[in-house]
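A.B. asks: Submitted below is the structure of interest, expressed as C-alpha cells.
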Amino acid sequence: MTLGTGSNLSYSRRRGQGGFTLLEMIVVIALMVIIAAMATLSFIGLEGESEVEKPGNELARMVKQANRAAVVQGRPFVIAFGKTEFGFLDGVGGADGRVTLPKGMKVGFQRWNGGKKWNNAEGLNWTFYPSGICDALRFKFEHPDGMVEMAFNPLTGSVSEEAAYLK
C-alpha cells in the first residue's frame, strides 16, 4: 500500500486468497459437529421417566419421606402395598400419599435375609421406625414394557441399588 500526497491508494493482492482455505473449513465444520453433539446429548433424559420407572421413583420419594417423618414425629410410619396401588397408611400425605400402579404392573419384594425368593408385595406393610431404621427390602416392578429393581438401605431409607430394563 502506498500513500502519497496525491492520495494514490493501491493494494497488492496475491492470487487465490479470495476465500477460505480447506483447513479453515474443516475446523469450522468440526466445531459445528461438536457443538451439535453436545446439544443433542444435553436433551437426552429430558423426555421424562417411563411408565415403568414412575412407581419406583415414587416409592423412593415416599421411603425418604416416611423415614424422616418417623424420626421427627417419633412414631412409626407404614407404606402399605395393595394389588393396584401403594401408599401411606392412615391417609398420611393426602393425594401424594398414594401411587396407582400402571395397568399390568406387578410388584414383588425380597427380604435381604430371605434368600432369592421374590414375594408378591400385595398385603405388605413396610414399617419405618422412630429410630430411623426400616426392614431391608428389595423391590421389583414388572411391566410388559420393562422391569425396575430397587434395593433400599435400612438405615438411611435411600436407594442403595437400582437397575432398569426397559423395552
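The values are calculated or read from the model by the stated rules, or taken from the named source; none is laboratory data. Keep in mind it's a predicted model, so treat the numbers as computed, not measured. Using ideal geometry, Cβ is built from the backbone for each residue, glycine included, and neighbour counts are taken over all protein chains shown.
A.B. asks: Can you name the condition, by its number, that Gly114 falls short on among (1) farther than 16 Å from Val63 by Cβ; (2) at pLDDT 90 or above?
C.D. replies: Going through (1) farther than 16 Å from Val63 by Cβ; (2) at pLDDT 90 or above one by one, Gly114 breaks only (2).
A.B. asks: Checking Thr84 against (1) modelled with pLDDT under 90; (2) in contact with a strand residue (DSSP E or B) (Cβ under 9 Å, 6 or more places away or on another chain), only one condition comes out false. Which one?
C.D. replies: (1)
A.B. asks: Just checking, how many residues over the range 36-64 are modelled with pLDDT of 90 or more and not aliphatic (A, V, I, L, M)? It would help to see each step written out before you state the result.
C.D. replies: Residues of the range 36-64 that are modelled with pLDDT of 90 or more, as a first pass: 54-64.
This time we only want the ones that are not aliphatic (A, V, I, L, M), so: 54-58, 61, 64.
Matching residues across the range 36-64 total 7.
A.B. asks: If you don't mind, there's one more thing I want to ask. For the range 133-167, how many residues meet the condition of being over 23 Å from Ser50 (Cβ atoms) and either surrounded by 15 or more Cβ atoms within 10 Å (Cβ to Cβ) or β-branched (Val, Ile, Thr) (or both)?
C.D. replies: First, the residues of the range 133-167 that are over 23 Å from Ser50 (Cβ atoms): 133-136, 153-157.
Next cut, either surrounded by 15 or more Cβ atoms within 10 Å (Cβ to Cβ) or β-branched (Val, Ile, Thr) (or both) only: 133-136, 154, 156-157.
Of the residues in that region, 7 qualify.
A.B. asks: How many residues are of a type in the set (D, E, K, R) and farther than 16 Å from Ala80 by Cα when one looks only at the range 112-167? Write out each step before concluding.
C.D. replies: First, pick out the residues of the range 112-167 that are of a type in the set (D, E, K, R): 116-117, 122, 135, 138, 140, 142, 145, 149, 161-162, 167.
Now drop any that are not farther than 16 Å from Ala80 by Cα, which leaves 116-117, 142, 145, 149, 161-162, 167.
So the count comes out to 8.
A.B. asks: Out of the range 102-126, which residues are surrounded by fewer than 16 Cβ atoms within 10 Å (Cβ to Cβ) and polar (S, T, N, Q)?
C.D. replies: Asn113, Asn119, Asn120, Asn125
A.B. asks: For the range 129-149, name all the residues that are within 14 Å of Ala164 (Cβ to Cβ) and in contact with a Lys or Arg (Cβ under 7 Å, 6 or more places away or on another chain).
C.D. replies: Glu142, Asp145, Gly146, Met147, Glu149
A.B. asks: Got a number for residues in the range 56-89 being basic (Lys, Arg), surrounded by fewer than 14 Cβ atoms within 10 Å (Cβ to Cβ) and more than 27 Å from Leu166 (Cβ to Cβ)?
C.D. replies: Summing the residues that are basic (Lys, Arg), surrounded by fewer than 14 Cβ atoms within 10 Å (Cβ to Cβ) and more than 27 Å from Leu166 (Cβ to Cβ) in the range 56-89 gives 1.
A.B. asks: Would you point out which residue out of Glu149, Glu122 is at negative phi and part of a strand (DSSP E or B)?
C.D. replies: Going through Glu149, Glu122 in turn, just one is at negative phi and part of a strand (DSSP E or B): Glu149.
For every residue, the table says whether it meets (1) at pLDDT below 75; (2) surrounded by 10 or more Cβ atoms within 10 Å (Cβ to Cβ); (3) over 30 Å from Met105 (Cβ atoms).
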| position | (1), (2), (3) |
| --- | --- |
| Thr2 | yes, no, yes |
| Leu22 | no, no, yes |
| Val28 | no, yes, yes |
| Ile34 | no, yes, yes |
